[in-house]
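The values are calculated or read from the model by the stated rules, or taken from the named source; none is laboratory data. Everything numeric here is computed off the predicted structure, so don't read it as measured data. Here the Cβ positions follow ideal geometry from the backbone for every residue, glycine too, while neighbour counts run over all protein chains shown. Heads up: the accessible areas ignore ligands, DNA and RNA and are worked out on the full protein's heavy atoms, side chains in. Shrake-Rupley method; radii C 1.70, N 1.55, O 1.52, S 1.80 Å.
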Amino acid sequence: MMDIFFNDDYAKEFISNSEIGSLQENVDHLHADLEKRTGRGSDCLGWLHLPSRTPVSLFDSIRATHNEIIGQCDAFVCIGIGGSYLGARAAISFLSSVAKKEDTPEIYFAGHTMCSDYHAELLRALEGREVCINLISKSGATLESAIAFRLLRNFMEKKYGKEGASRRIIVTTESKKSMINDLAKEEGYRSFHLPKDVGGRFSVFTSAGLLPIAIAGIDIRDFMDGALLAEKELTKSSDLSANTAYLYAANRHLLFQKGKTIELMAAFHSSFEYVLEWWKQLVGESEGKEGKGIFPSSAHYTADLHSLGQRVQEGTRNLFETFLLVEKSSQVVKIERDNCDRDGLGYLEGKSLDFINEKAYKGSATAHLEGGVPNLAITLKERSAHNLGQLFYFFERAVAMTGYLSGVNPFDQPGVEFYKRNMFRLLNKPSQ
(Lines give C-alpha, C1' and ligand atoms only; values in the text may rest on other atoms or scores of the structure.)
Protein backbone atom coordinates (compact mmCIF):
# COMPACT_ATOMS: atom_id res chain seq x y z
CA MET A 1 0.00 0.00 0.00
CA MET A 2 1.29 3.44 -0.92
CA ASP A 3 2.29 6.02 1.68
CA ILE A 4 0.66 8.84 -0.28
CA PHE A 5 -2.85 9.92 0.62
CA PHE A 6 -5.10 11.95 -1.68
CA ASN A 7 -8.04 13.96 -0.33
CA ASP A 8 -10.62 15.71 -2.52
CA ASP A 9 -13.17 16.47 0.22
CA TYR A 10 -12.71 20.23 -0.22
CA ALA A 11 -13.50 20.03 -3.94
CA LYS A 12 -16.78 18.14 -3.64
CA GLU A 13 -18.83 21.36 -3.59
CA PHE A 14 -17.59 21.93 -7.14
CA ILE A 15 -17.40 18.38 -8.50
CA SER A 16 -20.08 15.74 -7.99
CA ASN A 17 -19.50 12.02 -7.71
CA SER A 18 -21.49 11.57 -10.92
CA GLU A 19 -19.12 13.89 -12.79
CA ILE A 20 -16.15 11.87 -11.58
CA GLY A 21 -17.95 8.67 -12.53
CA SER A 22 -18.69 9.99 -16.02
CA LEU A 23 -14.96 9.98 -16.75
CA GLN A 24 -14.40 6.35 -15.78
CA GLU A 25 -14.93 4.80 -19.21
CA ASN A 26 -12.61 7.31 -20.85
CA VAL A 27 -9.99 6.82 -18.13
CA ASP A 28 -10.16 3.05 -18.71
CA HIS A 29 -9.49 3.53 -22.44
CA LEU A 30 -6.67 6.02 -21.83
CA HIS A 31 -5.07 3.74 -19.25
CA ALA A 32 -5.11 0.97 -21.86
CA ASP A 33 -3.54 3.38 -24.37
CA LEU A 34 -0.71 4.00 -21.90
CA GLU A 35 -0.14 0.35 -21.11
CA LYS A 36 -0.41 -0.82 -24.73
CA ARG A 37 1.49 2.21 -26.08
CA THR A 38 -1.28 3.06 -28.52
CA GLY A 39 -1.91 6.68 -27.47
CA ARG A 40 -0.28 9.93 -28.53
CA GLY A 41 3.41 10.16 -27.75
CA SER A 42 3.71 6.40 -27.39
CA ASP A 43 7.38 6.55 -28.40
CA CYS A 44 8.11 8.43 -25.14
CA LEU A 45 6.62 6.01 -22.62
CA GLY A 46 9.83 4.46 -21.36
CA TRP A 47 9.26 6.11 -17.96
CA LEU A 48 6.01 4.18 -17.43
CA HIS A 49 7.65 0.97 -16.19
CA LEU A 50 11.15 2.26 -15.58
CA PRO A 51 11.14 1.36 -11.86
CA SER A 52 10.48 -2.32 -12.60
CA ARG A 53 12.74 -2.52 -15.67
CA THR A 54 15.87 -0.74 -14.48
CA PRO A 55 18.70 -3.31 -14.68
CA VAL A 56 20.79 -4.14 -11.63
CA SER A 57 23.83 -3.27 -13.73
CA LEU A 58 22.86 0.42 -13.66
CA PHE A 59 22.77 0.43 -9.85
CA ASP A 60 26.13 -1.34 -9.80
CA SER A 61 27.64 1.19 -12.19
CA ILE A 62 26.30 4.13 -10.20
CA ARG A 63 27.56 2.60 -6.95
CA ALA A 64 31.04 2.12 -8.43
CA THR A 65 31.07 5.69 -9.72
CA HIS A 66 29.83 6.97 -6.36
CA ASN A 67 32.62 5.15 -4.51
CA GLU A 68 35.22 6.62 -6.84
CA ILE A 69 33.78 10.14 -6.80
CA ILE A 70 33.56 10.54 -3.03
CA GLY A 71 37.23 9.65 -2.81
CA GLN A 72 38.12 12.33 -5.35
CA CYS A 73 36.10 15.39 -4.47
CA ASP A 74 34.40 17.49 -1.84
CA ALA A 75 32.42 19.47 -4.44
CA PHE A 76 30.25 17.91 -7.15
CA VAL A 77 28.72 20.12 -9.84
CA CYS A 78 25.57 18.91 -11.61
CA ILE A 79 25.18 20.71 -14.97
CA GLY A 80 21.73 20.68 -16.55
CA ILE A 81 18.50 22.55 -17.08
CA GLY A 82 14.84 21.65 -16.74
CA GLY A 83 14.17 17.95 -16.60
CA SER A 84 17.87 17.17 -16.90
CA TYR A 85 18.51 18.34 -13.36
CA LEU A 86 15.32 19.37 -11.54
CA GLY A 87 14.41 15.86 -10.39
CA ALA A 88 17.83 15.37 -8.82
CA ARG A 89 17.80 18.83 -7.27
CA ALA A 90 14.32 18.25 -5.85
CA ALA A 91 15.31 14.91 -4.31
CA ILE A 92 18.58 16.23 -2.87
CA SER A 93 16.84 19.25 -1.37
CA PHE A 94 13.87 17.30 -0.01
CA LEU A 95 16.05 14.60 1.56
CA SER A 96 18.88 16.81 2.81
CA SER A 97 18.28 15.96 6.47
CA VAL A 98 18.01 12.20 5.89
CA ALA A 99 20.93 11.78 3.47
CA LYS A 100 24.17 10.24 4.67
CA LYS A 101 26.58 13.07 5.50
CA GLU A 102 29.86 11.24 5.94
CA ASP A 103 32.22 11.71 2.97
CA THR A 104 29.39 13.28 0.94
CA PRO A 105 30.58 16.12 -1.31
CA GLU A 106 28.72 19.40 -1.39
CA ILE A 107 26.40 19.47 -4.41
CA TYR A 108 26.36 22.52 -6.69
CA PHE A 109 24.18 23.18 -9.72
CA ALA A 110 25.00 24.93 -12.99
CA GLY A 111 23.68 25.08 -16.55
CA HIS A 112 20.21 26.37 -15.66
CA THR A 113 21.03 30.08 -16.01
CA MET A 114 23.14 32.38 -18.17
CA CYS A 115 23.64 34.89 -15.37
CA SER A 116 27.27 36.10 -15.23
CA ASP A 117 27.22 36.65 -11.49
CA TYR A 118 25.95 33.13 -10.82
CA HIS A 119 28.78 31.51 -12.76
CA ALA A 120 31.44 33.87 -11.41
CA GLU A 121 30.34 33.15 -7.84
CA LEU A 122 30.20 29.40 -8.53
CA LEU A 123 33.73 29.33 -9.93
CA ARG A 124 34.90 31.37 -6.94
CA ALA A 125 33.26 28.90 -4.56
CA LEU A 126 35.07 26.01 -6.28
CA GLU A 127 38.51 27.54 -5.83
CA GLY A 128 40.49 25.47 -3.39
CA ARG A 129 37.99 22.59 -3.57
CA GLU A 130 38.45 19.14 -5.05
CA VAL A 131 35.87 19.09 -7.85
CA CYS A 132 34.04 16.62 -10.09
CA ILE A 133 31.36 17.58 -12.61
CA ASN A 134 28.45 15.81 -14.28
CA LEU A 135 26.96 17.19 -17.49
CA ILE A 136 23.39 15.98 -18.00
CA SER A 137 22.05 16.72 -21.47
CA LYS A 138 20.30 14.49 -24.01
CA SER A 139 21.68 16.44 -26.96
CA GLY A 140 24.63 18.26 -25.43
CA ALA A 141 23.52 21.32 -27.41
CA THR A 142 21.22 23.06 -24.91
CA LEU A 143 22.75 26.53 -24.74
CA GLU A 144 22.63 27.15 -20.98
CA SER A 145 24.19 23.79 -20.16
CA ALA A 146 26.71 23.96 -23.01
CA ILE A 147 27.96 27.34 -21.81
CA ALA A 148 28.27 26.16 -18.20
CA PHE A 149 30.06 22.99 -19.33
CA ARG A 150 32.60 24.97 -21.36
CA LEU A 151 33.28 27.30 -18.40
CA LEU A 152 33.63 24.43 -15.95
CA ARG A 153 35.59 22.20 -18.32
CA ASN A 154 38.12 24.99 -18.82
CA PHE A 155 38.27 25.51 -15.05
CA MET A 156 38.90 21.79 -14.54
CA GLU A 157 41.60 21.57 -17.22
CA LYS A 158 43.44 24.56 -15.78
CA LYS A 159 43.23 23.05 -12.31
CA TYR A 160 44.01 19.40 -13.07
CA GLY A 161 45.36 19.34 -16.62
CA LYS A 162 43.45 17.68 -19.49
CA GLU A 163 44.16 14.14 -18.39
CA GLY A 164 43.39 14.82 -14.74
CA ALA A 165 40.20 16.66 -15.63
CA SER A 166 38.99 13.80 -17.83
CA ARG A 167 38.96 11.49 -14.80
CA ARG A 168 36.70 13.95 -12.95
CA ILE A 169 34.13 14.64 -15.68
CA ILE A 170 31.03 12.50 -16.18
CA VAL A 171 28.63 12.87 -19.10
CA THR A 172 25.01 11.69 -18.99
CA THR A 173 23.44 11.78 -22.44
CA GLU A 174 21.76 9.73 -25.15
CA SER A 175 23.72 6.94 -26.78
CA LYS A 176 23.22 8.26 -30.32
CA LYS A 177 25.96 10.11 -32.16
CA SER A 178 26.22 13.70 -30.97
CA MET A 179 28.73 16.44 -30.20
CA ILE A 180 28.81 15.55 -26.53
CA ASN A 181 29.28 11.82 -27.18
CA ASP A 182 32.08 12.54 -29.63
CA LEU A 183 33.76 14.79 -27.05
CA ALA A 184 33.34 12.20 -24.29
CA LYS A 185 34.98 9.50 -26.41
CA GLU A 186 37.78 11.82 -27.51
CA GLU A 187 38.56 13.02 -23.97
CA GLY A 188 37.86 9.74 -22.17
CA TYR A 189 35.03 10.99 -19.96
CA ARG A 190 33.00 8.43 -18.08
CA SER A 191 29.53 8.22 -19.68
CA PHE A 192 26.02 7.18 -18.68
CA HIS A 193 23.42 6.80 -21.42
CA LEU A 194 19.78 7.83 -21.18
CA PRO A 195 16.90 5.81 -22.64
CA LYS A 196 15.75 7.39 -25.90
CA ASP A 197 12.08 6.82 -25.00
CA VAL A 198 12.21 8.84 -21.75
CA GLY A 199 11.76 12.60 -21.98
CA GLY A 200 13.78 14.94 -19.78
CA ARG A 201 10.98 15.85 -17.38
CA PHE A 202 10.27 12.13 -16.82
CA SER A 203 13.96 11.23 -16.35
CA VAL A 204 14.40 11.37 -12.56
CA PHE A 205 14.42 7.55 -12.40
CA THR A 206 17.20 7.29 -15.02
CA SER A 207 20.90 7.95 -14.49
CA ALA A 208 20.13 11.66 -15.00
CA GLY A 209 18.53 11.67 -11.57
CA LEU A 210 19.98 8.60 -9.89
CA LEU A 211 23.68 9.46 -10.18
CA PRO A 212 23.54 12.93 -8.55
CA ILE A 213 21.07 11.64 -5.96
CA ALA A 214 23.47 8.82 -5.06
CA ILE A 215 26.45 11.19 -4.90
CA ALA A 216 24.44 13.25 -2.37
CA GLY A 217 24.35 10.23 -0.06
CA ILE A 218 20.75 9.18 -0.70
CA ASP A 219 19.83 5.50 -0.96
CA ILE A 220 18.73 5.20 -4.60
CA ARG A 221 17.52 1.62 -4.14
CA ASP A 222 15.09 2.82 -1.47
CA PHE A 223 14.09 5.70 -3.76
CA MET A 224 13.46 3.34 -6.67
CA ASP A 225 11.67 0.83 -4.45
CA GLY A 226 9.20 3.59 -3.60
CA ALA A 227 8.69 4.30 -7.29
CA LEU A 228 8.28 0.56 -7.92
CA LEU A 229 5.56 0.35 -5.28
CA ALA A 230 3.74 3.28 -6.90
CA GLU A 231 4.15 1.73 -10.35
CA LYS A 232 2.54 -1.52 -9.19
CA GLU A 233 -0.32 0.21 -7.36
CA LEU A 234 -1.10 2.68 -10.16
CA THR A 235 -0.78 0.14 -12.99
CA LYS A 236 -3.01 -2.65 -11.74
CA SER A 237 -6.31 -0.76 -11.94
CA SER A 238 -7.71 2.35 -13.63
CA ASP A 239 -10.70 2.39 -11.29
CA LEU A 240 -11.03 5.95 -9.96
CA SER A 241 -12.02 4.59 -6.56
CA ALA A 242 -8.66 2.81 -6.30
CA ASN A 243 -6.16 4.74 -8.46
CA THR A 244 -5.43 7.97 -6.60
CA ALA A 245 -3.21 9.42 -9.34
CA TYR A 246 -6.05 9.10 -11.85
CA LEU A 247 -8.56 10.49 -9.33
CA TYR A 248 -6.29 13.52 -8.88
CA ALA A 249 -6.11 13.83 -12.69
CA ALA A 250 -9.90 13.59 -12.99
CA ASN A 251 -10.41 16.34 -10.40
CA ARG A 252 -7.90 18.58 -12.16
CA HIS A 253 -9.52 17.98 -15.55
CA LEU A 254 -13.02 18.76 -14.29
CA LEU A 255 -11.92 21.86 -12.38
CA PHE A 256 -10.21 23.17 -15.52
CA GLN A 257 -13.42 22.65 -17.47
CA LYS A 258 -15.22 24.73 -14.82
CA GLY A 259 -12.90 27.69 -15.40
CA LYS A 260 -10.28 26.90 -12.74
CA THR A 261 -7.37 27.36 -15.11
CA ILE A 262 -4.62 27.85 -12.51
CA GLU A 263 -3.43 25.20 -10.07
CA LEU A 264 -1.63 26.62 -7.05
CA MET A 265 0.47 23.87 -5.49
CA ALA A 266 0.99 25.03 -1.92
CA ALA A 267 3.43 23.31 0.44
CA PHE A 268 3.48 23.70 4.22
CA HIS A 269 6.93 22.10 4.53
CA SER A 270 10.02 24.03 3.40
CA SER A 271 11.71 20.89 2.03
CA PHE A 272 9.29 20.86 -0.93
CA GLU A 273 10.86 23.94 -2.56
CA TYR A 274 12.41 22.18 -5.54
CA VAL A 275 9.78 19.45 -5.67
CA LEU A 276 7.41 22.28 -6.58
CA GLU A 277 9.82 23.48 -9.29
CA TRP A 278 10.06 19.96 -10.72
CA TRP A 279 6.24 19.64 -10.63
CA LYS A 280 5.78 22.97 -12.44
CA GLN A 281 7.94 21.84 -15.34
CA LEU A 282 6.27 18.43 -15.49
CA VAL A 283 2.81 20.04 -15.70
CA GLY A 284 3.71 23.02 -17.87
CA GLU A 285 5.55 21.12 -20.59
CA SER A 286 3.20 18.16 -20.57
CA GLU A 287 -0.20 19.86 -20.58
CA GLY A 288 0.28 23.37 -21.96
CA LYS A 289 -0.29 23.04 -25.70
CA GLU A 290 -2.94 23.39 -28.41
CA GLY A 291 -4.54 26.26 -26.47
CA LYS A 292 -5.14 23.99 -23.47
CA GLY A 293 -3.58 23.22 -20.13
CA ILE A 294 -3.72 24.14 -16.46
CA PHE A 295 -1.21 26.85 -15.54
CA PRO A 296 0.99 25.45 -12.72
CA SER A 297 1.93 27.85 -9.95
CA SER A 298 3.38 27.29 -6.49
CA ALA A 299 3.38 28.80 -3.04
CA HIS A 300 5.20 28.24 0.24
CA TYR A 301 2.79 28.41 3.15
CA THR A 302 2.50 29.86 5.67
CA ALA A 303 4.87 32.57 4.39
CA ASP A 304 2.94 33.16 1.15
CA LEU A 305 -0.35 33.38 3.03
CA HIS A 306 0.94 36.80 4.07
CA SER A 307 1.56 37.82 0.45
CA LEU A 308 -0.65 35.74 -1.86
CA GLY A 309 -3.31 34.91 0.72
CA GLN A 310 -5.45 37.95 -0.07
CA ARG A 311 -5.43 37.13 -3.80
CA VAL A 312 -6.31 33.50 -3.15
CA GLN A 313 -9.08 34.35 -0.71
CA GLU A 314 -10.83 37.14 -2.61
CA GLY A 315 -9.28 37.52 -6.06
CA THR A 316 -10.46 36.27 -9.46
CA ARG A 317 -12.07 32.85 -9.02
CA ASN A 318 -9.95 31.13 -11.68
CA LEU A 319 -7.76 28.91 -9.51
CA PHE A 320 -7.78 25.84 -7.35
CA GLU A 321 -5.24 24.73 -4.79
CA THR A 322 -3.47 21.46 -4.19
CA PHE A 323 -1.87 21.28 -0.76
CA LEU A 324 1.31 19.22 -0.55
CA LEU A 325 1.81 17.95 2.99
CA VAL A 326 4.03 15.72 5.13
CA GLU A 327 2.29 13.84 7.91
CA LYS A 328 5.38 13.72 10.11
CA SER A 329 8.58 15.79 10.02
CA SER A 330 11.99 14.18 10.50
CA GLN A 331 12.43 16.08 13.78
CA VAL A 332 10.05 17.24 16.49
CA VAL A 333 10.19 20.81 17.81
CA LYS A 334 7.82 21.87 20.59
CA ILE A 335 6.89 25.21 22.10
CA GLU A 336 8.64 25.36 25.45
CA ARG A 337 7.03 26.55 28.68
CA ASP A 338 7.54 30.15 29.76
CA ASN A 339 6.14 30.89 33.22
CA CYS A 340 5.65 34.58 32.46
CA ASP A 341 4.02 34.02 29.03
CA ARG A 342 5.40 37.39 27.91
CA ASP A 343 4.92 36.56 24.23
CA GLY A 344 1.33 35.38 24.60
CA LEU A 345 2.08 31.87 23.35
CA GLY A 346 1.03 30.08 26.51
CA TYR A 347 -1.87 28.41 24.71
CA LEU A 348 0.65 26.64 22.45
CA GLU A 349 3.00 25.36 25.14
CA GLY A 350 3.81 21.67 24.74
CA LYS A 351 2.48 21.56 21.19
CA SER A 352 4.73 20.66 18.25
CA LEU A 353 5.29 22.87 15.22
CA ASP A 354 3.85 20.04 13.10
CA PHE A 355 0.63 20.24 15.11
CA ILE A 356 0.46 24.01 14.62
CA ASN A 357 1.31 23.70 10.92
CA GLU A 358 -1.51 21.19 10.46
CA LYS A 359 -3.99 23.64 11.97
CA ALA A 360 -2.67 26.34 9.64
CA TYR A 361 -3.34 24.01 6.70
CA LYS A 362 -6.86 23.14 7.86
CA GLY A 363 -7.66 26.77 8.59
CA SER A 364 -6.42 27.83 5.15
CA ALA A 365 -8.22 25.02 3.33
CA THR A 366 -11.51 25.87 5.04
CA ALA A 367 -11.18 29.63 4.54
CA HIS A 368 -10.25 29.31 0.87
CA LEU A 369 -13.10 26.89 0.22
CA GLU A 370 -15.50 29.37 1.82
CA GLY A 371 -13.99 31.99 -0.49
CA GLY A 372 -14.80 29.90 -3.57
CA VAL A 373 -11.45 28.15 -4.05
CA PRO A 374 -11.73 24.34 -4.28
CA ASN A 375 -8.71 22.55 -2.90
CA LEU A 376 -7.17 19.11 -2.95
CA ALA A 377 -4.54 17.59 -0.67
CA ILE A 378 -1.68 15.16 -1.23
CA THR A 379 -0.01 13.92 1.95
CA LEU A 380 3.23 11.95 2.33
CA LYS A 381 3.49 9.77 5.38
CA GLU A 382 7.04 10.94 6.07
CA ARG A 383 10.07 12.60 4.57
CA SER A 384 11.96 9.65 3.10
CA ALA A 385 13.51 8.49 -0.15
CA HIS A 386 10.90 5.73 -0.39
CA ASN A 387 8.01 8.19 -0.08
CA LEU A 388 9.57 10.65 -2.53
CA GLY A 389 9.98 7.91 -5.14
CA GLN A 390 6.26 7.23 -4.78
CA LEU A 391 5.40 10.92 -5.09
CA PHE A 392 7.40 11.48 -8.28
CA TYR A 393 5.82 8.46 -9.95
CA PHE A 394 2.35 9.50 -8.70
CA PHE A 395 2.73 12.90 -10.38
CA GLU A 396 4.05 11.39 -13.62
CA ARG A 397 1.02 9.09 -13.91
CA ALA A 398 -1.40 11.87 -12.99
CA VAL A 399 -0.01 14.37 -15.48
CA ALA A 400 0.04 11.78 -18.28
CA MET A 401 -3.64 11.04 -17.62
CA THR A 402 -4.62 14.74 -17.38
CA GLY A 403 -2.92 15.40 -20.71
CA TYR A 404 -4.73 12.51 -22.36
CA LEU A 405 -8.07 13.61 -20.88
CA SER A 406 -7.59 17.04 -22.45
CA GLY A 407 -6.67 15.50 -25.82
CA VAL A 408 -3.03 16.55 -26.06
CA ASN A 409 0.24 14.65 -26.38
CA PRO A 410 1.72 14.96 -22.87
CA PHE A 411 5.17 13.86 -23.99
CA ASP A 412 6.30 16.45 -26.53
CA GLN A 413 7.16 20.15 -26.12
CA PRO A 414 7.11 21.83 -29.56
CA GLY A 415 6.55 25.29 -28.08
CA VAL A 416 9.91 25.29 -26.29
CA GLU A 417 11.73 25.61 -29.61
CA PHE A 418 10.16 28.95 -30.56
CA TYR A 419 12.16 31.10 -28.14
CA LYS A 420 15.33 29.20 -29.03
CA ARG A 421 14.97 29.98 -32.73
CA ASN A 422 14.57 33.68 -32.01
CA MET A 423 17.45 33.69 -29.51
CA PHE A 424 19.81 31.91 -31.91
CA ARG A 425 18.83 34.30 -34.71
CA LEU A 426 19.64 37.29 -32.49
CA LEU A 427 22.94 35.65 -31.53
CA ASN A 428 23.78 35.05 -35.23
CA LYS A 429 24.21 31.32 -34.70
CA PRO A 430 25.32 29.68 -37.98
CA SER A 431 22.64 27.51 -39.55
CA GLN A 432 23.30 23.77 -39.55
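Open to solvent by 60 Å² or more (accessible area, probe 1.4 Å), modelled with pLDDT under 95 and part of a helix (DSSP H, G or I): does that describe residue 68?
Criteria met by residue 68.
Residues in the stretch 305-326: is at least one over 25 Å from the mean Cα position of the chain (by Cα) and farther than 29 Å from residue 395 by Cβ?
Yes, because at least one residue in the stretch 305-326 is over 25 Å from the mean Cα position of the chain (by Cα) and farther than 29 Å from residue 395 by Cβ.
Give the stretch 230-240 a look and list any residue that's within 20 Å of residue 45 (Cα to Cα) and either open to solvent by less than 40 Å² (accessible area, probe 1.4 Å) or in a loop (DSSP other than H, G, I, E, B) (or both), or say none. Break it down into steps so the answer makes sense when it comes.
Filtering the stretch 230-240 down to residues within 20 Å of residue 45 (Cα to Cα) leaves 230-238.
If the condition is that a residue be within 20 Å of residue 45 (Cα to Cα) and either open to solvent by less than 40 Å² (accessible area, probe 1.4 Å) or in a loop (DSSP other than H, G, I, E, B) (or both), then 230, 231, 234, 235, 236, 237, 238 are the ones that fit.
Between a first residue in the stretch 369-385 that is closer than 14 Å to residue 272 by Cα and acidic (Asp, Glu) and a second residue that is open to solvent by 10 Å² or more (accessible area, probe 1.4 Å) and not in a strand (DSSP E or B), which pairs have beta carbons less than 7 Å apart while being 6 or more apart in sequence or on different chains?
So the pair list comes out as 382/327; 382/328.
Among the numbered criteria (1) open to solvent by 10 Å² or more (accessible area, probe 1.4 Å); (2) in contact with a Leu (Cβ under 6 Å, 6 or more places away or on another chain); (3) among the aliphatic types (A, V, I, L, M), which one does residue 399 miss?
Only one criterion in (1) open to solvent by 10 Å² or more (accessible area, probe 1.4 Å); (2) in contact with a Leu (Cβ under 6 Å, 6 or more places away or on another chain); (3) among the aliphatic types (A, V, I, L, M) is unmet by residue 399, namely (1).
Can you name the residue in the stretch 241-275 that is among the β-branched types (Val, Ile, Thr) and in a helix (DSSP H, G or I) and is also farthest from residue 59 (Cα to Cα) among such residues?
That would be 244.
When residues of the stretch 290-340 are filtered for being of a type in the set (Val, Ile, Thr), farther than 21 Å from residue 252 by Cβ and surrounded by 15 or more Cβ atoms within 10 Å (Cβ to Cβ), how many remain?
Selection size over the stretch 290-340: 3.
Tell me which of these residue 430 doesn't satisfy, since it passes every other one: (1) open to solvent by 40 Å² or more (accessible area, probe 1.4 Å); (2) within 21 Å of residue 244 (Cα to Cα).
Tallying (1) open to solvent by 40 Å² or more (accessible area, probe 1.4 Å); (2) within 21 Å of residue 244 (Cα to Cα), residue 430 fails exactly one: (2).
Mind listing whichever residues of the stretch 405-427 are of a type outside the set (A, V, I, L, M), surrounded by fewer than 11 Cβ atoms within 10 Å (Cβ to Cβ) and on the phi < 0 side of the Ramachandran plot?
First, pick out the residues of the stretch 405-427 that are of a type outside the set (A, V, I, L, M): 406-407, 409-415, 417-422, 424-425.
Next, only the ones that are surrounded by fewer than 11 Cβ atoms within 10 Å (Cβ to Cβ) stay: 407, 414, 417-419, 421-422, 425.
Answer for the stretch 405-427, where residues must be of a type outside the set (A, V, I, L, M), surrounded by fewer than 11 Cβ atoms within 10 Å (Cβ to Cβ) and on the phi < 0 side of the Ramachandran plot: 414, 417, 418, 419, 421, 422, 425.
Exactly one of these conditions fails for residue 23: (1) touching an Asp or Glu at 6+ places or on another chain (Cβ under 8 Å); (2) under 30 Å from residue 361 (Cβ atoms); (3) crowded, with 19+ Cβ neighbours inside 10 Å. Give me its number.
Going through (1) touching an Asp or Glu at 6+ places or on another chain (Cβ under 8 Å); (2) under 30 Å from residue 361 (Cβ atoms); (3) crowded, with 19+ Cβ neighbours inside 10 Å one by one, residue 23 breaks only (1).
Table: residues versus (1) within 22 Å of residue 233 (Cβ to Cβ); (2) in contact (Cβ under 8 Å) with a residue 60 or more places away in the chain; (3) of a type in the set (Gly, Ala, Ser); (4) outside any loop (DSSP other than H, G, I, E, B).
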{"residue": "5", "(1), (2), (3), (4)": "yes, yes, no, yes"}
{"residue": "13", "(1), (2), (3), (4)": "no, yes, no, no"}
{"residue": "19", "(1), (2), (3), (4)": "no, yes, no, yes"}
{"residue": "28", "(1), (2), (3), (4)": "yes, yes, no, yes"}
{"residue": "31", "(1), (2), (3), (4)": "yes, yes, no, yes"}
{"residue": "34", "(1), (2), (3), (4)": "yes, yes, no, yes"}
{"residue": "47", "(1), (2), (3), (4)": "yes, yes, no, yes"}
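List the number of the failed condition for residue 382; all other conditions in (1) open to solvent by 30 Å² or more (accessible area, probe 1.4 Å); (2) closer than 27 Å to residue 253 by Cα; (3) among the acidic types (Asp, Glu) hold.
Result: residue 382 passes all but (2).
Conditions tested, residue by residue: (1) touching a strand residue (DSSP E or B) at 6+ places or on another chain (Cβ under 8 Å); (2) at positive phi.
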{"site": "41", "(1), (2)": "no, yes"}
{"site": "67", "(1), (2)": "no, no"}
{"site": "71", "(1), (2)": "no, no"}
{"site": "79", "(1), (2)": "yes, no"}
{"site": "89", "(1), (2)": "yes, no"}
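Is it true that residue 104 is open to solvent by 20 Å² or more (accessible area, probe 1.4 Å) and of a type outside the set (Asp, Glu)?
Judged against the criteria, residue 104 is a match.
Could you list all residues from the stretch 76-97 that are buried (at least 18 other Cβ atoms within 10 Å of the Cβ) and either of a type in the set (Gly, Ala, Ser) or assigned to a loop (DSSP other than H, G, I, E, B) (or both)?
Across the stretch 76-97, the qualifying residues are 80, 81, 82, 83, 84, 85, 87, 88, 90, 91, 93, 95.
Yes or no: residue 268 open to solvent by 40 Å² or more (accessible area, probe 1.4 Å) and in contact (Cβ under 8 Å) with a residue 24 or more places away in the chain?
For residue 268, the condition - open to solvent by 40 Å² or more (accessible area, probe 1.4 Å) and in contact (Cβ under 8 Å) with a residue 24 or more places away in the chain - is not met.
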